[in-house]
1. Here is a list: R190, R157. Which entry is over 21 Å from D14 (Cβ atoms) and under 17 Å from the mean Cα position of the chain (by Cα)?
2. Are any residues in region 111-120 within 14 Å of K83 (Cβ to Cβ) and at pLDDT below 95, and if so, which ones?
3. Inside region 127-183, can you point out the residues that are of a type in the set (S, T, Y) and within 30 Å of V63 (Cβ to Cβ)?
4. Residues that are part of a helix (DSSP H, G or I), of a type in the set (A, V, I, L, M, F, W, C) and within 25 Å of the chain's Cα centre (by Cα): does region 140-151 have at least one?
5. Taking C178 and the conditions (1) within 30 Å of I39 (Cβ to Cβ); (2) outside any helix (DSSP H, G or I), which numbered condition does it fall short on, given that it satisfies the others?
6. Which of the helices (runs of 4 or more DSSP H) contained wholly in region 1-115 include at least 3 residues that are farther than 30 Å from A142 by Cα, free of Cβ contacts under 8 Å to residues at least 60 places away in the same chain and under 32 Å from the mean Cα position of the chain (by Cα)?
7. Just one of the numbered conditions (1) surrounded by fewer than 17 Cβ atoms within 10 Å (Cβ to Cβ); (2) over 30 Å from E52 (Cβ atoms); (3) of a type in the set (S, T, N, Q) is not true of Q135; which one?
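The values are calculated or read from the model by the stated rules, or taken from the named source; none is laboratory data. The shown structure was predicted, so the numbers you read here are calculated from the model rather than taken from an experiment. Using ideal geometry, Cβ is built from the backbone for each residue, glycine included, and neighbour counts are taken over all protein chains shown.
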Amino acid sequence: MSFMPHHRFPETVDGLADTALRLISRLVGEGKIEETLGIRQALEPLLLRHREYLALRAEPGKVLVPAVHRAEAALLRFIGQCKAALRPELGPRWNPRWAEAGFEGGNLAVPGSFRGRKELLLKLRAFLRARPELQEPVANVAPARADQLLESLQAARNTLRGHAARQRAARLAREKACSLLRKRLRSALRRSGGLPV
């Protein structure tokens, strides 16, 4: 395979690094060691950026996403405990009194979206604050528990969002490093007359 100045290089980091290493080897074999300097200076940062990106990409599944799932599961348990504690007072089936507690739409279903669950939790908290006689401290059905759960879930989600931003930044840094290496490879090929690799 021979390279021309307009050659299309591999899209993957591994393929691009392999191409760079083969070109370095060829240039060294031709005695053009000085031509390899720019390639080496671009290759090392690319490999570092790639490792950083891969580490960030692996982290959410190991730590961050499970933390969000645990916080959401605790919130769902709390909502279930609230429903159980409120049934004797509000009735076993939905009625307009349940709407005051945050269960709207004619049923006692928990909303599927984060925003919906958060709104329900806020309404349940306000309802329990307004009616302290319905709180069950032993079962932890209390506004303070709603506050803890909301804070925990929001913190987990914020951490995940922050991580996503760091991951995007790492991906962009890796892409920039790839572009620089491609530029250096093209330059070296132009100067060396398109050596076959």
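1. Matching residue, one of R190, R157: R157.
2. P111, R117
3. As a first pass, look at region 127-183 and keep what is of a type in the set (S, T, Y): 152, 159, 179.
If the condition is that a residue be of a type in the set (S, T, Y) and within 30 Å of V63 (Cβ to Cβ), then S152, T159 are the ones that fit.
4. Yes, there is a match, as at least one residue in region 140-151 is part of a helix (DSSP H, G or I), of a type in the set (A, V, I, L, M, F, W, C) and within 25 Å of the chain's Cα centre (by Cα).
5. Of (1) within 30 Å of I39 (Cβ to Cβ); (2) outside any helix (DSSP H, G or I), only one is false for C178: (2).
6. On the way: elements: 13-29, 33-59, 65-90, 96-100.
By residue number, 13-29, 33-59.
7. For Q135, the failing item is (1).
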